[in-house]
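First up is the structure itself, then whatever we jot down about it.
The values are calculated or read from the model by the stated rules, or taken from the named source; none is laboratory data. The structure displayed is predicted, hence computed values, not measured ones. Cβ atoms come from the backbone with ideal geometry, glycine included; neighbour counts cover every protein chain shown.
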Amino acid sequence: MREVPMPDSRFKILTSASTSGPGDAGRTGSWRVERPVIDLKRCTPAKTGKSSCHLCWLYCPDNVVSKTVEPTIDLEYCKGCGICAEECPVNAIEMVSEEAFIEGGADE
Amino acid sequence: MTKTTKTNVLNLTSEEFIHPGNRACSGCSLSILYRIGLKALGRDCIFVVPPSCLTVMQGLYPISATQMPVLNGTFASTAAIATGVRAAMKRLDKKTQVVAWAGDGGTSDIGIQALSGALERNEDIIYICYDNEAYMNTGVQRSGTTPQGGLTTTTPYTGKKETGKNVPDIVAAHNPAYIATCSASYPLDFHDKLLKAKEIRGLKYIHIQTPCPPGWGCEEHMTVKIGKMAIECGLFDLYEIEDGKKSFSEPTQKLLKKSKLRPVSDYLKLQTRFKALSEDQVVAMQKRIDLKWEKYRQEFNT
Amino acid sequence: MSKKLIESGNSAAALAVQLASAEVIAAYPITPQTPLTEKLSELIAAGEMDAEYVAVESEHSALAVCIGAASSGVRPFTATSSNGLLYMSEQLHWAAGGRLPMVMCVVNRGIGAPWSVWNDHQDAISQRDAGWIQIFAKDHQEIVDMTLKAFRLAELVHIPVMVNYDGYYLSHTYMPFELPDAAEVRDFLPDYNYKHALRPETPESLNTVTLPDARMDINGVKQGGYMDIRHNLHEEMRLAMDVWEEIDADFQKRFGRGGAPILDPYRCDDAEYVVVAMGTIANQFRDVVDRLREQDNLKVGVLALQMYRPFPTSKIAETLQSAKAVMVCEKGLSYGNQGALFADLKSALYPYQARPLLHNFITGLGGREIRTDDLYLTMKTACQQEDQGTPEQNDTPQWIGLQL
């Protein structure tokens with residue numbers, strides 16, 4: 001590791017240097033008008049109890065589907081694009097209007 | 001030919017290198033390919049990104065969505081900046097991968113000079129062009145790769161008159177160390193080509209067709225399907241060229257056995273950006289594709 | 001061991017860059033910089049300099065390579081002239097706003113259109129607002145010494161530095177100069193550092209889109225917006241003047257040369273009339289000063305300005321405040337208004353109740369020969385006009401050496 005001197009301490013040197021973290025765009029979950037709902041009785045890994053398929057995890061642009069035997073969706077950031085529902089080979093995911101979740105709003 | 005790994009969904013790492021809640025559009029296929037691509041590249045990377053959709057995905061200062069170091073730079077100089085980073089890595093004796101991620105505008109239009117220079121010098125970098133076929137970040141203006149007939153804000157009403165540039169062919173004329181085409185709809189294919197590229201020295205160029213729902217005028221949930229259709233219709237082909245030898249990737253390779261491919265009108269119908277195309281233009285497009293595949297069959301079918 | 005050489009100005013620059021151990025050289029050939037690029041290429045190919053030489057395909061890419069290298073924590077160098085400098089203009093602003101430590105030599109040459117390969121200062125002047133520190137050398141020894149000091153300044157204050165020297169007058173002429181000992185230079189100039197060097201272990205995203213307003217980062221700490229970052233660049237450019245003087249003092253201790261880092265006066269102590277100029281023309285004026293004093297009994301002096309940006313507002317104003325008249329003679333201008341140096345100086349003198357009258361002279365554009373006789377006659381007339389009647393401030397630039 002090269003030992004490098006620091007710049008002069010009288011200088012603050014403000015620079016546009018970003019550090020990484022989630023939610024740069026805030027709560028992108030607020031973008032969606034429909035949310036994906038997974039039917040665990042149809043979902044292949046959930047049904048068989050074994051890791052398999054996981055196509056919803058693969059194709060999610062926003063990395064909000066978990067690669068778990070019972071897949072979960074992070075609704076904080078899910079933008080509701082519907083790709084998971086479209087690509088699910090066993091039609092286990094349905095896109096449901098957000099309206100259904102407004103009253104009382106239980107998280108699913 | 002360098003050995004190819006075959007990654008599948010099960011053995012693909014679940015480690016993530018990009019944070020959710022970023023500013024990519026809902027259903028963005030760049031998000032898919034970027035997310036999966038990063039799994040192949042790993043953390044020992046430095047990225048170079050010009051103004052583009054990916055810049056917006058990086059995030060606004062001071063929050064970044066990508067977990068690797070990223071150097072944002074001016075529009076025309078992606079390949080040159082990457083050259084500078086690579087030269088520095090050489091001086092520091094580091095094996096850190098230097099990866100440029102540019103859009104079609106930043107590659108085939110304003111960025112082509114710097115790319116050509118980097119190719120001529122055979123810089124040891126991976127240059128990735130994600131091609132959504134227009135200047136999407138600034139609201140869908142026509143670019144060098146916008147296909148004929150494509151409606152954009154700067155080719156309104158009648159669509160683009162000219163055909164798009166074939167950037168992989170332009171790049172291939174420079175004889176790079178490795179050149180590959182990919183699709184955002186086949187992220188595992190992209191992943192494995194990246195693994196291969198990491199092991200090759202010299203300039204590796206990867207061109208990825210990146211469907212864009214708002215820019216192409218299709219539904220968000222159809223992103224992956226549209227990309228697959230472009231391949232099924234024989235419009236966009238997945239291949240690699242190494243040591244001057246071209247070989248098709250599986251989704252395209254399997255089409256060689258068919259005598260007739262899916263009609264391109266299926267693909268065009270699904271996108272409102274093609275609604276200005278006339279019957280004659282569609283017929284002409286189909287003819288061009290048919291001719292191309294006739295040549296492929298002659299060359300590659302034994 | 002230091003050594004004495006007789007070499008061209010371009011060679012002097014190249015040898016200074018070799019001493020400074022620049023590690024990534026990216027340069028595109030352009031008259032009259034080309035021999036500098038060629039010399040660096042030879043030194044590397046001969047194994048006398050350990051660096052990466054990148055044969056870029058344009059000047060815009062040359063500075064891009066330097067930006068990439070500097071951002072990765074390695075000392076870069078490039079050089080250019082005229083249209084090449086303009087071609088990389090957006091990168092100049094980028095390097096400054098990105099607070100990248102780097103040094104570039106600009107071999108001053110007139111800008112097209114029409115095409116000119118000969119010397120004037122318009123190239124550097126046209127970039128004076130980019131946020132780069134600009135210094136002007138007036139002989140080969142200054143090229144060497146200023147380049148070495150520039151590397152140290154850039155790295156201490158994280159602002160890029162442009163070392164200007166006149167095309168042909170310096171780049172292609174031969175002069176004796178001393179090259180300091182390599183080991184002593186390494187002691188003077190420590191290893192390169194960039195505060196936000198790209199490292200996978202501590203990943204950051206540099207220079208992405210920055211909002212107008214300040215914003216919280218992931219730790220909940222408020223970080224500045226665009227204007228705050230730019231304000232900081234300006235403030236620290238001003239502060240860099242002090243650091244430049246400190247570096248010069250240290251250089252003088254180690255190598256025995258220096259003492260006039262910002263203003264280099266000649267016979268100004270008792271001068272009633274002072275000529276202000278940058279680069280080789282300031283040296284040429286020394287002959288004019290001697291002649292005006294001996295033949296015409298005019299108390300004239302010439303003040304060479306070594307650091308143009310940041311502009312040494314109070315320093316130069318205090319020096320000139322008590323003169324009767326100041327003649328600003330420059331090789332470039334802000335078209336549609338006045339000489340750039342003239343305007344800067346007039347603005348610096350504005351707050352003073354008692355201040356000299358200022359004359360603006362433009363000369364030498366596109367390499368037009370600057371005849372010492374013409375300079376002598378013009379300055380003599382200007383001085384003598386002051387003595388007659390009550391002269392008024394005249395902002396209109398007077399051109400020396402027009403032929404039509």
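State whether the residues of the stretch B:83-105 include one that is more than 7 Å from chain C (Cβ to nearest Cβ), under 27 Å from C:Asp228 (Cβ atoms) and of a type in the set (S, T, N, Q).
No: the stretch B:83-105 contains no residue that is more than 7 Å from chain C (Cβ to nearest Cβ), under 27 Å from C:Asp228 (Cβ atoms) and of a type in the set (S, T, N, Q).
Taking A:Lys79, is it surrounded by 17 or more Cβ atoms within 10 Å (Cβ to Cβ) and under 23 Å from B:His191 (Cα atoms)? I'd like the intermediate steps shown before the answer.
On the way: surrounded by 17 or more Cβ atoms within 10 Å (Cβ to Cβ): yes; under 23 Å from B:His191 (Cα atoms): no.
Taking the combined requirement at face value, the residue does not satisfy it.
Restrict the check to the stretch A:82-105 and report whether at least one residue is hydroxyl-bearing (Ser, Thr, Tyr) and more than 7 Å from chain B (Cβ to nearest Cβ). Spell out how you get there, then give the answer.
Just the residues of the stretch A:82-105 that are hydroxyl-bearing (Ser, Thr, Tyr), to begin with: A:97.
Then drop every residue that is not more than 7 Å from chain B (Cβ to nearest Cβ), which leaves A:97.
Yes, that holds for at least one residue.
Mind telling me which of the residues B:Gln286, B:Gln281 ends up being at pLDDT below 95, over 22 Å from B:Ala24 (Cβ atoms) and either under 19 Å from the mean Cα position of the chain (by Cα) or not in a loop (DSSP other than H, G, I, E, B) (or both)?
On the way: B:Gln286 fails: at pLDDT below 95.
None of the other options fit; the residue is B:Gln281.
Can you tell me which of C:Ala96, C:Ala46 is surrounded by fewer than 24 Cβ atoms within 10 Å (Cβ to Cβ) and in contact with a Gly (Cβ under 6 Å, 6 or more places away or on another chain)?
Values: C:Ala46 fails: in contact with a Gly (Cβ under 6 Å, 6 or more places away or on another chain).
It is C:Ala96.
Just for the stretch C:245-261: of the residues that are of a type in the set (A, V, I, L, M) and surrounded by fewer than 18 Cβ atoms within 10 Å (Cβ to Cβ), which one is nearest to C:Ile135 (Cα to Cα)?
First pass over the stretch C:245-261, keeping only residues of a type in the set (A, V, I, L, M): C:247, C:249, C:260.
Within this subset, residues satisfying the condition of being surrounded by fewer than 18 Cβ atoms within 10 Å (Cβ to Cβ) are C:249, C:260.
Details: C:Ala249: 17, C:Ala260: 12 Å.
Selected residue: C:Ala260.
Kindly indicate which of A:Arg35, A:Arg42 is more than 7 Å from every other protein chain (Cβ to nearest Cβ) and crowded, with 18+ Cβ neighbours inside 10 Å. Explain how you work it out, then say what you get.
Values: A:Arg42 fails: crowded, with 18+ Cβ neighbours inside 10 Å.
Among A:Arg35, A:Arg42, only A:Arg35 is more than 7 Å from every other protein chain (Cβ to nearest Cβ) and crowded, with 18+ Cβ neighbours inside 10 Å.
For the stretch C:74-104, give me each residue that is part of a loop (DSSP other than H, G, I, E, B) and more than 14 Å from chain B (Cβ to nearest Cβ). Working first, answer last.
Let us first name the residues in the stretch C:74-104 that are part of a loop (DSSP other than H, G, I, E, B), namely C:74-75, C:81, C:88, C:98-102.
Within the stretch C:74-104, just C:Ser81 meets the criteria.
Looking at the stretch B:130-149, which of its residues are away from every other protein chain (no Cβ under 14 Å) and in contact with a Leu (Cβ under 6 Å, 6 or more places away or on another chain)? Give the derivation first.
Residues of the stretch B:130-149 away from every other protein chain (no Cβ under 14 Å): B:131, B:133-136, B:139-149.
Within the stretch B:130-149, B:Gly149 is the sole residue that qualifies.
If I filter the stretch C:288-304 for residues that are assigned to a helix (DSSP H, G or I) and within 14 Å of chain A (Cβ to nearest Cβ), do I get at least one hit?
Narrowing the stretch C:288-304 to residues assigned to a helix (DSSP H, G or I): C:288-296.
Filter once more, keeping what is within 14 Å of chain A (Cβ to nearest Cβ): none.
So far as the stretch C:288-304 goes, no, none of its residues is assigned to a helix (DSSP H, G or I) and within 14 Å of chain A (Cβ to nearest Cβ).
Name the single residue, out of those in the stretch C:175-191 being more than 7 Å from every other protein chain (Cβ to nearest Cβ) and assigned to a loop (DSSP other than H, G, I, E, B), that is surrounded by the most Cβ atoms within 10 Å (Cβ to Cβ).
First pass over the stretch C:175-191, keeping only residues more than 7 Å from every other protein chain (Cβ to nearest Cβ): C:175-189.
From what's left, assigned to a loop (DSSP other than H, G, I, E, B): C:180-181, C:189.
On the way: C:Pro180: 21, C:Asp181: 15, C:Leu189: 18.
My answer is C:Pro180.
Only one of (1) of a type in the set (Lys, Arg); (2) part of a loop (DSSP other than H, G, I, E, B); (3) within 16 Å of the chain's Cα centre (by Cα) is not met by A:Lys12, so which one is it?
(3)
Which condition breaks for A:Ile13 when tested against (1) in contact with a Cys (Cβ under 8 Å, 6 or more places away or on another chain); (2) over 26 Å from B:Cys218 (Cβ atoms); (3) away from chain B (no Cβ under 13 Å)?
Here A:Ile13 clears every test but (1).
Of all residues in the stretch A:38-63, how many are in contact with an Asp or Glu (Cβ under 9 Å, 6 or more places away or on another chain) and on the phi < 0 side of the Ramachandran plot?
11
Can we say A:Pro71 is more than 7 Å from every other protein chain (Cβ to nearest Cβ), without any contact (Cβ under 8 Å) to a residue 40 or more places away in the chain, within 26 Å of B:Glu220 (Cα to Cα) and not polar (S, T, N, Q)?
Details: more than 7 Å from every other protein chain (Cβ to nearest Cβ): yes; without any contact (Cβ under 8 Å) to a residue 40 or more places away in the chain: yes; within 26 Å of B:Glu220 (Cα to Cα): yes; not polar (S, T, N, Q): yes.
Yes, satisfied.
Starting from residues that are in a helix (DSSP H, G or I) and closer than 17 Å to C:Arg109 by Cα, keep the ones in the stretch C:4-40 and report whichever is farthest from the other protein chains (Cβ to nearest Cβ).
Filtering the stretch C:4-40 down to residues in a helix (DSSP H, G or I) leaves C:9-19, C:34-40.
Within this subset, residues satisfying the condition of being closer than 17 Å to C:Arg109 by Cα are C:9-10, C:13, C:34-37.
Values: C:Gly9: 27, C:Asn10: 23, C:Ala13: 21, C:Thr34: 18, C:Pro35: 23, C:Leu36: 19, C:Thr37: 16 Å.
Looking at the filtered set, the residue picked out is C:Gly9.
Per-residue answers, yes or no, for (1) over 22 Å from C:Leu170 (Cβ atoms); (2) free of Cβ contacts under 8 Å to residues at least 12 places away in the same chain; (3) in a helix (DSSP H, G or I):
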site	(1), (2), (3)
C:Asp344	yes, no, yes
C:Pro351	yes, no, no
C:Leu358	yes, no, no
C:Thr381	yes, yes, yes
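Return the residues of the stretch C:385-404 that are farther than 20 Å from C:Ala277 by Cα and either among the aliphatic types (A, V, I, L, M) or in a loop (DSSP other than H, G, I, E, B) (or both); say none if nothing qualifies.
C:Gln388, C:Gly389, C:Thr390, C:Pro391, C:Glu392, C:Gln403, C:Leu404
Mind listing just one residue for me: the one in the stretch B:82-96 that is of a type outside the set (A, V, I, L, M) and surrounded by fewer than 24 Cβ atoms within 10 Å (Cβ to Cβ) and, of those, nearest to the chain's Cα centre (by Cα)?
Selected residue: B:Thr96.
State whether the residues of the stretch B:270-277 include one that is charged (D, E, K, R) and touching a helix residue (DSSP H, G or I) at 6+ places or on another chain (Cβ under 8 Å). Show your work before the answer.
Of the stretch B:270-277, the ones charged (D, E, K, R) are B:273, B:275.
From what's left, touching a helix residue (DSSP H, G or I) at 6+ places or on another chain (Cβ under 8 Å): B:273.
Within the stretch B:270-277, one or more residues are charged (D, E, K, R) and touching a helix residue (DSSP H, G or I) at 6+ places or on another chain (Cβ under 8 Å).
So which residues in the stretch B:174-190 are over 29 Å from A:Val33 (Cβ atoms) and either crowded, with 24+ Cβ neighbours inside 10 Å or in contact with a strand residue (DSSP E or B) (Cβ under 8 Å, 6 or more places away or on another chain) (or both)?
Step one: filter the stretch B:174-190 for residues over 29 Å from A:Val33 (Cβ atoms), giving B:174-182, B:188-190.
Within the stretch B:174-190, B:Pro176, B:Ala177, B:Tyr178, B:Ile179, B:Ala180, B:Thr181, B:Cys182, B:Asp189, B:Phe190 meet the criteria.
Per-residue answers, yes or no, for (1) touching a helix residue (DSSP H, G or I) at 6+ places or on another chain (Cβ under 8 Å); (2) within 14 Å of chain A (Cβ to nearest Cβ); (3) in a loop (DSSP other than H, G, I, E, B):
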residue	(1), (2), (3)
C:Val106	yes, no, no
C:Gly110	yes, no, yes
C:Trp115	no, no, yes
C:Asn119	yes, no, yes
C:Ala124	yes, no, no
C:Asp129	no, no, yes
C:Ala154	no, yes, no
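Report yes if some residue within the stretch B:118-129 is without any contact (Cβ under 8 Å) to a residue 40 or more places away in the chain, within 11 Å of another protein chain (Cβ to nearest Cβ), in contact with an Asp or Glu (Cβ under 8 Å, 6 or more places away or on another chain) and more than 30 Å from B:Leu270 (Cβ to Cβ); otherwise report no.
Within the stretch B:118-129, none of the residues are without any contact (Cβ under 8 Å) to a residue 40 or more places away in the chain, within 11 Å of another protein chain (Cβ to nearest Cβ), in contact with an Asp or Glu (Cβ under 8 Å, 6 or more places away or on another chain) and more than 30 Å from B:Leu270 (Cβ to Cβ).
What are the pairs, 6+ residues apart or on separate chains, where a residue within the stretch A:16-28 that is more than 7 Å from chain C (Cβ to nearest Cβ) has its Cβ under 6 Å from a residue that is outside any loop (DSSP other than H, G, I, E, B)?
So the pair list comes out as A:Asp24/B:Ile63.
When only residues in the stretch C:203-229 that are at the interface with chain A (Cβ under 9 Å from one of its Cβ atoms) and part of a helix (DSSP H, G or I) count, which is surrounded by the fewest Cβ atoms within 10 Å (Cβ to Cβ)? Talk me through it step by step, then tell me what you get.
Taking the stretch C:203-229 first, the residues at the interface with chain A (Cβ under 9 Å from one of its Cβ atoms) are C:203-210, C:217-219, C:223-224, C:226, C:228-229.
Now narrow it down to the ones that are part of a helix (DSSP H, G or I): C:226, C:228-229.
On the way: C:Tyr226: 16, C:Asp228: 14, C:Ile229: 20.
Step by step, filter the stretch C:203-229, then rank; the result is C:Asp228.
Here is a list: B:Glu199, B:Glu232, B:Glu242, B:Glu220. Which entry is surrounded by fewer than 22 Cβ atoms within 10 Å (Cβ to Cβ), within 13 Å of chain A (Cβ to nearest Cβ) and not hydrophobic (A, V, I, L, M, F, W, C)?
On the way: B:Glu199 fails: within 13 Å of chain A (Cβ to nearest Cβ); B:Glu232 fails: within 13 Å of chain A (Cβ to nearest Cβ); B:Glu242 fails: within 13 Å of chain A (Cβ to nearest Cβ).
On inspection, the qualifying residue turns out to be B:Glu220.
So that you can scan it fast, the table gives a plain yes or no per residue for (1) within 20 Å of B:Thr145 (Cβ to Cβ); (2) out of contact with any Pro (no Cβ under 7 Å at 6 or more places or on another chain):
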residue	(1), (2)
B:Pro211	yes, yes
B:Cys218	yes, yes
B:Ile226	yes, no
B:Phe274	yes, yes
B:Val283	no, yes
